[in-house]
Amino acid sequence: MSPQENTPIHSGGTDVSADRATEALRSVESAREGARLRAGLAPVWYGPAAAAALIVPTLGQAWAEERGGWGVPLSLTISLAGLAVVLVLVNAAGRRAGVTVARPLSARLRRAAGPLSALLAAGLVTWGLCHLFGADRSVTKVALFTVLGLGAWAVFAARNASITRKLQDVG
């Protein structure tokens with residue numbers, strides 16, 4: 001092997017084009033990572049919508065239990081209408097974003113395990129405190145779903161903050 005075979009050729013520019021190719025690949029990977037992260041961002045209204053979807057029907061149900069009769073079907077209608085509105089808004093936001101990343105169910109469950117565990121613990125603590133202080137059934141339900149709704153809002157906000165930090169790191 002002659003000594004010239006291992007030295008880069010400067011006159012033809014092959015070492016420069018290899019550097020450019022490497023930089024282009026890094027750029028593509030960075031863009032791909034940024035798109036993946038942006039796809040994970042939840043719109044700002046997700047948190048309040050999740051909180052309202054949990055709290056409002058519970059308030060309606062508590063009110064219906066006191067009224068009896070026609071209040072129960074009304075509370076069910078409020079629950080279903082709230083769920084339908086949230087689903088329509090989620091689908092519209094997904095279409096508007098234009099970037100979707102399909103993750104397998106197991107990956108989504110792994111990512112949600114921590115926040116769901118924290119929400120479950122907060123719900124159990126709320127339920128325990130309500131029973132400890134002698135709150136009736138409807139007050140316990142309203143308190144429980146209020147904590148769960150506000151907790152869901154906090155989870156969305158924390159996840160968005162984490163993704164925003166990662167996006168700043170990716171550049």
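The values are calculated or read from the model by the stated rules, or taken from the named source; none is laboratory data. The structure presented is a predicted model; accordingly, all values stated were derived computationally and were not measured. When we count neighbours, we look across all protein chains shown, and the Cβ atoms used for this are built from the backbone with ideal geometry, even at glycine. Calculation scope for accessible area: heavy atoms of the full protein, side chains included, ligands and nucleic acids excluded. Shrake-Rupley method; radii C 1.70, N 1.55, O 1.52, S 1.80 Å.
Consider Leu144 carefully, then state whether it is part of a helix (DSSP H, G or I), surrounded by 12 or more Cβ atoms within 10 Å (Cβ to Cβ) and at pLDDT 85 or above.
In short, yes.
Filter the stretch 117-128 for residues that are open to solvent by 80 Å² or more (accessible area, probe 1.4 Å) and more than 17 Å from the chain's Cα centre (by Cα) and give the result.
Answer for the stretch 117-128, where residues must be open to solvent by 80 Å² or more (accessible area, probe 1.4 Å) and more than 17 Å from the chain's Cα centre (by Cα): Leu124, Val125, Trp127.
Residue pairs, Cβ under 6 Å, 6 or more apart or interchain, first in the stretch 145-171 and in contact (Cβ under 8 Å) with a residue 24 or more places away in the chain, second not in a helix (DSSP H, G or I). List them.
Every condition considered, the pairs that remain are Phe156/Ala42; Asn160/Leu41; Asn160/Ala42; Ile163/Leu41.
With open to solvent by less than 80 Å² (accessible area, probe 1.4 Å) and touching a Pro at 6+ places or on another chain (Cβ under 7 Å) as the only criterion, which of Val155, Val139 stands out?
Of Val155, Val139, the one residue that is open to solvent by less than 80 Å² (accessible area, probe 1.4 Å) and touching a Pro at 6+ places or on another chain (Cβ under 7 Å) is Val155.
Read through the list (1) open to solvent by 80 Å² or more (accessible area, probe 1.4 Å); (2) at pLDDT below 75, then give the number of the only condition that Pro8 fails.
Failing condition for Pro8: (1).
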